[in-house]
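The values are calculated or read from the model by the stated rules, or taken from the named source; none is laboratory data. These numbers were taken from a predicted model, which means no experiment stands behind them. Ideal geometry is used to build each Cβ from the backbone, glycine not excepted, and the neighbour counts take in all protein chains shown.
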Amino acid sequence: MLANVIYIDHKFRTRIHKSYRLRKLNSNLGGSGLSFVLDEFLEWLAADGKWHSLDEFTASNRVEKHKVEEIAKFFARFKFIEFKGNAKKVRINHKMRPFILSSLLVEGKPPVLELHAH
(Lines give C-alpha, C1' and ligand atoms only; values in the text may rest on other atoms or scores of the structure.)
Protein backbone atom coordinates (compact mmCIF):
# COMPACT_ATOMS: atom_id res chain seq x y z
CA MET A 1 0.00 0.00 0.00
CA LEU A 2 2.72 2.45 0.97
CA ALA A 3 4.60 1.76 -2.27
CA ASN A 4 1.43 2.56 -4.24
CA VAL A 5 0.95 5.82 -2.36
CA ILE A 6 4.55 6.84 -3.01
CA TYR A 7 4.28 5.87 -6.69
CA ILE A 8 1.04 7.80 -7.16
CA ASP A 9 2.48 10.78 -5.29
CA HIS A 10 5.66 10.76 -7.41
CA LYS A 11 3.67 10.42 -10.64
CA PHE A 12 1.33 13.25 -9.63
CA ARG A 13 4.14 15.57 -8.56
CA THR A 14 5.89 14.89 -11.88
CA ARG A 15 2.73 16.07 -13.66
CA ILE A 16 2.64 19.15 -11.47
CA HIS A 17 6.12 20.21 -12.49
CA LYS A 18 5.32 19.67 -16.18
CA SER A 19 2.28 21.90 -16.05
CA TYR A 20 3.00 25.37 -17.46
CA ARG A 21 0.48 27.12 -15.24
CA LEU A 22 1.85 25.55 -12.09
CA ARG A 23 5.45 26.21 -13.12
CA LYS A 24 4.43 29.85 -13.35
CA LEU A 25 2.81 29.64 -9.91
CA ASN A 26 5.91 27.88 -8.62
CA SER A 27 8.07 30.83 -9.60
CA ASN A 28 5.61 33.26 -8.00
CA LEU A 29 5.35 31.31 -4.74
CA GLY A 30 8.99 30.22 -4.56
CA GLY A 31 9.86 26.54 -5.21
CA SER A 32 8.90 24.87 -1.95
CA GLY A 33 6.02 27.30 -1.47
CA LEU A 34 4.05 25.70 -4.29
CA SER A 35 4.30 22.21 -2.84
CA PHE A 36 3.21 23.54 0.55
CA VAL A 37 0.20 25.38 -0.90
CA LEU A 38 -0.87 22.36 -2.98
CA ASP A 39 -0.71 20.11 0.06
CA GLU A 40 -2.55 22.60 2.24
CA PHE A 41 -5.26 23.06 -0.39
CA LEU A 42 -6.00 19.33 -0.65
CA GLU A 43 -5.80 18.81 3.12
CA TRP A 44 -8.13 21.75 3.65
CA LEU A 45 -10.72 20.31 1.27
CA ALA A 46 -10.33 16.77 2.62
CA ALA A 47 -11.01 17.94 6.18
CA ASP A 48 -14.79 17.87 5.76
CA GLY A 49 -15.47 17.04 2.11
CA LYS A 50 -17.95 19.92 1.75
CA TRP A 51 -18.21 22.67 -0.86
CA HIS A 52 -16.12 25.77 -0.07
CA SER A 53 -15.50 29.07 -1.80
CA LEU A 54 -12.02 29.92 -3.01
CA ASP A 55 -12.24 33.05 -0.84
CA GLU A 56 -12.23 30.87 2.28
CA PHE A 57 -8.87 29.34 1.36
CA THR A 58 -7.48 32.66 0.20
CA ALA A 59 -8.35 34.33 3.49
CA SER A 60 -6.89 31.63 5.70
CA ASN A 61 -3.68 31.03 3.71
CA ARG A 62 -2.77 34.46 2.34
CA VAL A 63 -2.50 33.24 -1.24
CA GLU A 64 -3.83 35.48 -3.99
CA LYS A 65 -7.23 34.49 -5.34
CA HIS A 66 -6.10 34.11 -8.96
CA LYS A 67 -3.36 31.71 -7.85
CA VAL A 68 -5.82 29.64 -5.85
CA GLU A 69 -8.11 29.53 -8.89
CA GLU A 70 -5.25 28.21 -11.05
CA ILE A 71 -4.52 25.52 -8.45
CA ALA A 72 -8.22 24.59 -8.36
CA LYS A 73 -8.34 24.32 -12.16
CA PHE A 74 -5.27 22.11 -12.13
CA PHE A 75 -6.62 19.73 -9.47
CA ALA A 76 -10.00 19.61 -11.23
CA ARG A 77 -8.27 18.67 -14.48
CA PHE A 78 -6.79 15.59 -12.76
CA LYS A 79 -10.07 14.82 -10.93
CA PHE A 80 -8.68 15.46 -7.45
CA ILE A 81 -11.43 18.00 -6.81
CA GLU A 82 -14.71 19.24 -8.21
CA PHE A 83 -14.65 22.88 -9.26
CA LYS A 84 -17.64 25.06 -10.07
CA GLY A 85 -15.82 27.78 -11.99
CA ASN A 86 -18.66 30.28 -12.20
CA ALA A 87 -19.46 30.02 -8.49
CA LYS A 88 -15.77 29.72 -7.52
CA LYS A 89 -16.61 26.75 -5.30
CA VAL A 90 -14.53 23.62 -4.73
CA ARG A 91 -14.74 20.32 -2.91
CA ILE A 92 -12.57 17.25 -2.75
CA ASN A 93 -13.47 14.38 -5.09
CA HIS A 94 -15.12 11.82 -2.79
CA LYS A 95 -12.86 9.09 -4.22
CA MET A 96 -9.72 11.12 -3.44
CA ARG A 97 -10.62 12.07 0.12
CA PRO A 98 -9.52 8.76 1.73
CA PHE A 99 -6.25 8.90 -0.23
CA ILE A 100 -5.49 12.44 0.96
CA LEU A 101 -6.37 11.63 4.56
CA SER A 102 -4.27 8.43 4.53
CA SER A 103 -1.31 10.28 2.99
CA LEU A 104 -1.32 12.55 6.04
CA LEU A 105 -0.76 9.50 8.23
CA VAL A 106 2.07 8.29 5.98
CA GLU A 107 3.72 11.71 6.33
CA GLY A 108 3.34 11.54 10.10
CA LYS A 109 0.93 14.46 10.27
CA PRO A 110 -1.89 14.36 12.80
CA PRO A 111 -5.32 13.42 11.45
CA VAL A 112 -7.28 16.30 9.99
CA LEU A 113 -9.95 17.32 12.44
CA GLU A 114 -10.79 20.86 11.49
CA LEU A 115 -8.85 23.11 9.12
CA HIS A 116 -11.64 25.54 8.34
CA ALA A 117 -12.04 28.95 9.93
CA HIS A 118 -15.38 29.56 11.60
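When the stretch 55-72 is examined, which residues are found to be assigned to a loop (DSSP other than H, G, I, E, B), surrounded by fewer than 19 Cβ atoms within 10 Å (Cβ to Cβ) and either touching a residue at least 12 places away in the same chain (Cβ under 8 Å) or out of contact with any helix residue (DSSP H, G or I) (no Cβ under 9 Å at 6 or more places or on another chain) (or both)?
Arg62
Restricting attention to the stretch 73-118, and to residues there that are part of a loop (DSSP other than H, G, I, E, B) and of a type in the set (Asp, Glu), which single residue is modelled with the highest pLDDT?
Glu107
Could you list, ordered by first residue, the pairs with Cβ atoms under 7 Å in which the first is in the stretch 33-54 and of a type in the set (Asp, Glu) and the second is modelled with pLDDT under 95 and not in a helix (DSSP H, G or I), at least 6 apart or interchain?
Partner pairs satisfying both residue conditions: Glu43/Val112; Glu43/Leu115; Asp48/His116.
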